[in-house]
Amino acid sequence: FPQETAPIAEALIFGYRHSFEEDLLDAYEKLGIVHLLAISGLHVSLLTGLIFYSGLRIGIPREKMIDFLIAFLPAYIILTGASPSVVRAGLMMLIVLLFSRRGENKYWSAMDGISIVFCFYLFCQPYIIYHIAFQLSFLVTFFLILSGRLLKKYSSSYLFFLASVTFVSQLASIPVLLWNFYEISLFSFIVNIFYVPLYSAIVLPALLMLFVAHLLFGKMADPLLSLAELFFSLLNNGTKGLAQLPFSTL
């Protein structure tokens with residue numbers, strides 16, 4: 001992949017952020033959007049959905065696709081380094097698929113899912129509770145689950161729904177961020193409203209399709225990579241520019 005595209009593709013597909021330029025990573029952190037570069041529920045759900053519906057479109061039965069994903073998710077968790085956010089998201093998705101496979105979806109809730117994963121994770125690795133990524137991942141997800149009824153009121157309007165989800169997530173993360181980093185981004189709320197749909201609707205699906213296209217077609221995918229390079233060059237420069245605005249952090 002080209003220079004500007006490769007680091008974001010590595011971060012979003014494989015959870016590897018060591019190729020990022022230090023000033024660009026600092027910009028993501030200052031703006032409070034570095035969570036977009038960590039594999040989490042957004043990435044796992046999009047990847048799982050893409051694989052699942054692609055399989056259905058080419059004629060693979062639903063039960064076979066569920067079985068494949070049940071085998072795929074543990075491997076993907078290991079492949080991406082088993083960070084707390086990807087473990088939480090992957091195991092919660094695994095529980096959804098297992099209950100779906102048995103036809104017992106109505107007997108469990110999202111709160112059951114996060115509770116099972118939380119207890120299992122701490123049983124296997126007790127000291128993970130001190131890990132910042134563990135705290136943020138579980139705390140934000142827990143707040144979103146608790147706010148489910150409130151968020152449903154805004155589901156008719158995508159913009160209001162996105163704003164309310166962002167607000168709840170920001171509110172949940174503030175204590176952990178202040179305790180560990182002693183600063184918060186003043187622009188984080190507004191920037192997230194723009195970046196979250198950009199990453200979920202365009203960036204991540206496009207990178208996944210580019211990755212698959214390059215594996216299948218090799219150099220024939222180069223024109224698409226050139227377009228991606230231009231897009232990410234503009235996006236990275238814009239992100240750096242936003243981070244340099246005065247009073248961006250408190």
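Miscellaneous remarks
- Residue match in the range 14-25 (condition: touching a Gly at 6+ places or on another chain (Cβ under 7 Å), modelled with pLDDT under 85 and either open to solvent by 20 Å² or more (accessible area, probe 1.4 Å) or not in a loop (DSSP other than H, G, I, E, B) (or both)): yes
Residues checked against (1) surrounded by fewer than 16 Cβ atoms within 10 Å (Cβ to Cβ); (2) within 16 Å of the chain's Cα centre (by Cα); (3) in contact (Cβ under 8 Å) with a residue 12 or more places away in the chain; (4) assigned to a helix (DSSP H, G or I):
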| site | (1), (2), (3), (4) |
| --- | --- |
| LEU144 | no, yes, yes, yes |
| LEU150 | yes, no, yes, yes |
| VAL203 | no, yes, yes, yes |
| PHE211 | no, no, yes, yes |
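One line per residue, one yes/no per condition, for (1) without any contact (Cβ under 8 Å) to a residue 60 or more places away in the chain; (2) under 19 Å from MET209 (Cα atoms):
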position: ARG17; (1), (2): yes, no
position: PHE20; (1), (2): yes, no
position: LEU24; (1), (2): no, no
position: LEU31; (1), (2): no, no
position: SER40; (1), (2): no, yes
position: HIS43; (1), (2): no, yes
position: GLY49; (1), (2): yes, yes
position: SER54; (1), (2): yes, yes
position: ILE70; (1), (2): yes, no
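- Check on ILE114, in a helix (DSSP H, G or I), among the β-branched types (Val, Ile, Thr), open to solvent by 50 Å² or more (accessible area, probe 1.4 Å) and out of contact with any strand residue (DSSP E or B) (no Cβ under 7 Å at 6 or more places or on another chain): no
- Check on SER226, over 19 Å from the mean Cα position of the chain (by Cα), of a type in the set (S, T, N, Q), more than 19 Å from HIS43 (Cβ to Cβ) and open to solvent by 40 Å² or more (accessible area, probe 1.4 Å): yes
- Count - residues of the range 73-111 that are of a type in the set (A, V, I, L, M, F, W, C), touching a helix residue (DSSP H, G or I) at 6+ places or on another chain (Cβ under 8 Å) and not in a helix (DSSP H, G or I): 1
- Of all residues in the range 106-128, those that are closer than 15 Å to ILE77 by Cβ have Cβ atoms under 8 Å from Cβ atoms of residues that are modelled with pLDDT of 90 or more and among the hydroxyl-bearing types (Ser, Thr, Tyr), 6 or more apart or on another chain, in ILE128/TYR121.
The values are calculated or read from the model by the stated rules, or taken from the named source; none is laboratory data. Computed from a prediction, not measured in an experiment: that's the story for all the values here. Note: ideal-geometry Cβ built from the backbone for every residue, glycine included; neighbour counts use all protein chains shown. Keep in mind that these areas ignore ligands, DNA and RNA; they rest on the heavy atoms of the full protein, side chains included. Shrake-Rupley method; radii C 1.70, N 1.55, O 1.52, S 1.80 Å.
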